[in-house]
Amino acid sequence: TGTLHSLDPLPMQGPELGIQADDIEAPEVEQEPKQEVLENKNVVVQRVHIDGLGRTKEDLLTYEIAEVFRANNLIDVMRKSHEARQKLLRLGIFRKVEVNIDTSRGEDALPNGLDVTFEVTELRRMTGSYNTMVGNNEGSMVLGLRLPNVFGRAEKLTFQFSYGTKETSYGLSFFKPQPGHFERNVSFNMYKVTGQFPWSSLRETDRGVSAELSFPMWKTNQTLKWEGVWRELGCLGQNASFAIRNESGHSLKSSLSHAMVVDTRNSSILPRKGGLLKIHQELAGYTGGDARFLKEDFEIQLNKTLYWDSVLSASLWGGLLLPFGDAPTCIADRFYLGGPTSIRGFSMYSMGPQSDGDYLGGEAYWAGGLHLYTPLPFRPGRGGFGDLFRTHFFLNAGNLCNLHYGEGPQAHLKKLAECIRWSYGLGIVLRLGNIARLELNYCIPMGVQSGDRICDGIQFGAGIRFL
Amino acid sequence: MSLAAEAFVSQLAAAEPWPENATLYQPLKEDQILLSDHASSLAVQAYLRMCGLPVQVLCRVNSEFMSPSGKIPFIHVGNQVVSELGPIVQFTKAKGHSLSDGLDDVQRAEMKAYMELVNNMLLTAELYIQWCDDATAAEISRPRYSSPYSWPLSKILAYQKQWEVRRKMNAIGWGGKTLQQVYEDVSQCCQALSQRLGMQPYFFNKQPTELDALVFGHLFTILTTRLTSSELAERVKSYSNLLSFCRRIEQTYFEDKSS
């Protein structure tokens, strides 16, 4: 007989409006009457092979398809083939993967034997791309040149040029996964980023190299990274305050950092359930360079679906920058707070220590948010476009300040608890694919300290990471 | 500065008297500052002392990058930041302090001409010797310029500065000169200054002007800075009236200064 079953390709990860990959449940296998006979029948997978390989090395792929051999009934074969197909696709080296399951042919064919064939189309040697990207309240055009599968084992070489409203950058990056364990990978990067930050009247150019090792451990994802960056700071405009002028010049940062991420959410943009825990620490100065500090920051988010399709979400962020030695901290290392993606109702990064209207950032901060997301009232456009929008009630609070490290932790906690800024309001959120979200909020800022710049009333925000 | 910018700065400057906490910024004296920067800084310090304006000298590693024009020295007075001798003279004039008010137009033109001579000859020669002479660049200039930074940033910044200065030297036609030619130029410049000074205490007889401050800054620095060879200092020393001029200004205005 001919082909029994051929799976349609599922949409790949990427920016698209409409149906989201993670909203789709795993496809139900059609239960036709004649297949009931086969459901419980034992089968043996005799051959699994991959057609259409060019430069990809076979040994890389044997790991991904190995599971299929262990299936022992038809439903299992189909499920494991589907999983193997997903694994092949996530390597990022194939444009298309189709699965054919057929009865065994040939001399050594068993009566209940099956042949599984993966028909793959490799990506071209070099692909170009043009995207627009949304960062935190900034947009950029990104031109990319990618060489997927450079040496045949899913290595990827990417060159990217990005021109944005606040930053211009270009960079070269080489990514190599471990064969058989795609989640364990190493990447090397070289980049130059130039940014302009009008809230601080500061211009910053960073030229850096980094090496990063990522691997999963139990339920977490760990990343170890070394980074060396040459930072050049300068004043933006003639009216920069003297505090910013004081920070101008060159410095070298060589740091080791570690990050741990546990993400059980169903989506990173407007999740309905699950939680996120992200802990990051960076130690600079012990591998060379001028900057010497220890930087810690964390991010926690919890989500729960309530009645009537509404979601309650709580998040907490915090960070601490601890300098070593006598030198003061550099503005390029400090934290900033405020804006449509953190404490709404305040202008972008316009909170905390400042001098003549230029915000200097702070060495310690915390910020928390409580949100209630509900479907739009009266549910217009239900089932289609209307599902991308949510109404959103929020409460944000936080503080950003400098600490005198001679005092003890009691004094620090007290300082972070004084002068808390907070805000509340409501708005509309639009989800952009799986990548970004737009918000239009009406905000009421409270606890405003002198020197903070507020944006009470309507505030628009676009980004990928929101408090 | 453009005329409009000058007028604007003058308006702002005139509003407030000279504060007590005026500061002058330059690179670190012991380890970092180079001959040309030290000369420029000393010229400004001498000028301010001659005007009787108090200023505190602060040494900062990044003073070159803090300066609005990228050049040393600059002063921070009240809310304003002004760099280089020319604009600083304008700035103090707007506040009502000037050393050249007593000069007539002919003398003022002469003063400007001699200041141009010093900037075009002496300052350029100092830059040439520091960065275009391989021995001096390798032994003194690059190590000193890069001393506050760690490797490899130190190397990158030192070579970047060297390329920048050499490009500028080529652009103004000094790229093809030899060291001896540069020393000759210095001698000629000193001769012109020596002739103009004659036996007078200052260039314009009894009262010092900004020209005196500028010449003092450069000559004194040349005389007291150790380079790979002492030829530059020797050339200046051969003009005895310039030597006594420097000594006189040092004793009159810098006697409290510890070397």
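Please treat every number below as a calculation from the coordinates, not as lab data. Bear in mind that the values here come from a model prediction, so they are computed numbers and not experimental data. Cβ placement follows ideal geometry from the backbone for every residue including glycine, while neighbour counts extend to all protein chains displayed.
So here's what we get for this one:
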quantity	calculated
Taking all pairs of distinct alpha-carbon atoms in the range B:156-259, Kirkwood radius in angstrom	15.5
Where only C-alpha atoms are counted, convex hull volume of the protein assembly as shown per residue in Å³	211
Gaussian network model of chain B, Cα within-10 Å springs - most flexible of B:M111, B:M121, B:M199	B:M199
GNM result for chain B, Cα springs below 10 Å: residue of B:Y128, B:Y159, B:Y47 fluctuating most strongly	B:Y159
Exercise: per-residue mean of other protein chain Cβ atoms within 10 Å, A:279-289	1
Kirkwood-based shape ratio for the range B:3-94, expressed as Rg/Rh from alpha carbons	0.96
Net charge of neighbours whose Cβ lies under 12 Å from the Cβ of A:T117, counting Lys and Arg as +1 and Asp and Glu as -1	-2
Hydrodynamic radius of the range B:99-142 per Kirkwood, over alpha carbon pairs, in Å	12.3
Selected from B:E64, B:E234, B:E84 as most flexible by GNM, with chain B as the system and alpha-carbon contacts under 10 Å	B:E234
The range A:260-309 pair-distance distribution - Cα-Cα, 5 Å bins, rounded %	5, 18, 18, 14, 12, 9, 9, 7, 4, 2, 2, 0
Rg/Rg_ref, the range A:115-201, where Rg_ref = 2.2 N^0.38 Å and atoms are Cα	1.40
Average silhouette area of the range A:323-410, convex hull of alpha-carbon atoms, in square nanometres	8.8
Percentage relative contact order, chain A, counting C-alpha pairs under 8 Å, at least six apart	10
Three-way shape call for chain B based on the alpha-carbon gyration tensor, with the a/c threshold at 1.5	oblate
Average Cα contact separation per residue, the range B:116-259, under 8 Å, 6 or more apart, as relative contact order %	25
Additional length obtainable on full extension of the chain from A:T132 to A:I428, 0.36 nm per residue less Cα span	104.3 nm
DSSP H segments from chain B that extend 15 Å or more along their own axis, Cα-based, with Kyte-Doolittle mean of 0.5 or above	B:3-15, B:210-224
Over 20 Å [Cα-Cα, the range A:243-346], rounded percent	55
DSSP-assigned coil residues among GluC sites (Glu not before Pro) in the range A:55-140, each with at most 16 further Cβ atoms within 10 Å	A:E107, A:E138
Neighbouring partner chain Cβ atoms per residue of A:236-246, average, 10 Å criterion	3
Ellipticity estimate at 222 nm from DSSP helix runs (n ≥ 4, -39,500 (n - 2.57)) divided over the protein assembly as shown, nearest 500	-7500 deg cm²/dmol
Scattering profile of the range B:111-203 at q = 0.20, 0.24 Å⁻¹ [log10 I(q)/I(0), Debye over alpha-carbon scatterers]	-0.94, -1.15
Percent RCO, i.e. relative contact order, over chain B, from Cα pairs under 8 Å lying at least 6 residues apart	24
Average beta carbon contacts from partner chains per residue of B:65-71, 10 Å cutoff	4
Calculated FRET value between B:A171 and B:S69, using beta carbons and R₀ = 22 Å, to 0.05	0.80
Cα principal axis extents for the range A:146-255, largest first, Å	56, 29, 22
Trypsin sites (Lys or Arg not before Pro) within the range B:167-259, DSSP loop, no more than 12 other Cβ atoms inside 10 Å	B:K206, B:R226, B:K257
Coil-residue chymotrypsin sites (Phe, Trp or Tyr not before Pro) of the range A:217-257, DSSP, other Cβ within 10 Å capped at 13	A:W218
Violating pairs (Cα-Cα greater than 24 angstrom) within the set A:K219/A:K414; A:K41/A:K87; A:K295/A:K415; A:K41/A:K219; A:K80/A:K176	A:K219/A:K414; A:K41/A:K87; A:K41/A:K219; A:K80/A:K176
